[in-house]
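Undergrad: Please see the structure below; I have some questions.
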Amino acid sequence: MGRKQVWDQADVLARAMRLFRHRGYLGASVRDIEEATGLHPGSLYRVFHSKEGLFCAALDAYNDQVVQGRVRAHLLEQPDPVAGIRSFFTSTFETGLDPD
């Protein structure tokens, strides 16, 4: 029987996303991931299977927690769906220009 997981997956994914956002996928080494998330290599590979698996899981979590809510908010604030989508992408583009 394996050991019980004692870390919070949402926290690990948030920490990984911050690391990838600041260093980029290629710039983030497995050692960097271990330090940022506090995971040991065995846990990292058992749960996410690879660096790419962690990256995809972090993107999925970001989409679920941030992007979908922002899309909904823009759609509700605008008079029609096309204007809502346009507003979302304009806002996203402007946010992407912000270095922070």
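Undergrad: For the range 74-88, give me the residue count where each residue is part of a helix (DSSP H, G or I) and surrounded by 12 or more Cβ atoms within 10 Å (Cβ to Cβ). Outline the logic, then answer.
TA: From the range 74-88, those part of a helix (DSSP H, G or I) are 74-77, 81-88; that's our starting set.
Pick out the ones that are also surrounded by 12 or more Cβ atoms within 10 Å (Cβ to Cβ) and you get 74-75, 83-88.
Of the residues in the range 74-88, 8 are part of a helix (DSSP H, G or I) and surrounded by 12 or more Cβ atoms within 10 Å (Cβ to Cβ).
Undergrad: Within the range 52-73, identify whether any single residue is surrounded by 11 or more Cβ atoms within 10 Å (Cβ to Cβ), without any contact (Cβ under 8 Å) to a residue 12 or more places away in the chain and either in contact with a His (Cβ under 7 Å, 6 or more places away or on another chain) or not in a helix (DSSP H, G or I) (or both), and answer yes or no.
TA: no
Undergrad: Let me ask something additional. May I ask you to list the residues in the range 36-48 that are under 17 Å from the mean Cα position of the chain (by Cα) and without any contact (Cβ under 8 Å) to a residue 12 or more places away in the chain?
TA: Step one: of the range 36-48, the residues under 17 Å from the mean Cα position of the chain (by Cα) are 36-39, 44, 47-48.
If the condition is that a residue be under 17 Å from the mean Cα position of the chain (by Cα) and without any contact (Cβ under 8 Å) to a residue 12 or more places away in the chain, then Phe48 is the only one that fits.
Undergrad: If we scan the range 29-50, do we find a residue that is surrounded by 17 or more Cβ atoms within 10 Å (Cβ to Cβ), of a type in the set (Val, Ile, Thr) and at pLDDT 90 or above?
TA: First, the residues of the range 29-50 that are surrounded by 17 or more Cβ atoms within 10 Å (Cβ to Cβ): 33, 36-37, 39, 43-44, 48.
Now restrict to residues that are of a type in the set (Val, Ile, Thr): 33, 37.
Add one more test, that the residue is at pLDDT 90 or above, and what stays is 33, 37.
Among the residues of the range 29-50, at least one is surrounded by 17 or more Cβ atoms within 10 Å (Cβ to Cβ), of a type in the set (Val, Ile, Thr) and at pLDDT 90 or above, which makes the answer yes.
Undergrad: I'd like the full set of residues that are part of a loop (DSSP other than H, G, I, E, B) and within 23 Å of Gly96 (Cα to Cα), limited to the range 1-51. Lay out the reasoning, then the answer.
TA: Taking the range 1-51 first, the residues part of a loop (DSSP other than H, G, I, E, B) are 1-8, 24-29, 38-40, 49-50.
Within the range 1-51, Gly24, Tyr25, Leu26, Gly27, Ala28 meet the criteria.
Undergrad: Could you check how many residues of the range 90-100 are in a helix (DSSP H, G or I), over 16 Å from the mean Cα position of the chain (by Cα) and either exposed (fewer than 12 other Cβ atoms within 10 Å of the Cβ) or of a type in the set (Asp, Glu) (or both)? Show your work before the answer.
TA: Filtering the range 90-100 for residues in a helix (DSSP H, G or I) gives 90-97.
Still in the running and over 16 Å from the mean Cα position of the chain (by Cα): 90-91, 93-94, 97.
Pick out the ones that are also either exposed (fewer than 12 other Cβ atoms within 10 Å of the Cβ) or of a type in the set (Asp, Glu) (or both) and you get 90, 93-94, 97.
Going through the range 90-100 one residue at a time, the tally reaches 4.
Undergrad: Looking at the range 59-80, which of its residues are within 25 Å of Leu13 (Cα to Cα) and either touching a strand residue (DSSP E or B) at 6+ places or on another chain (Cβ under 8 Å) or acidic (Asp, Glu) (or both)? First the steps, then the outcome.
TA: Let us first name the residues in the range 59-80 that are within 25 Å of Leu13 (Cα to Cα), namely 59-73.
Residues satisfying the conditions are Asp60, Asp64.
The values are calculated or read from the model by the stated rules, or taken from the named source; none is laboratory data. Here the structure is a predicted model, which is why all the values come from computation and not from measurement. When we count neighbours, we look across all protein chains shown, and the Cβ atoms used for this are built from the backbone with ideal geometry, even at glycine.
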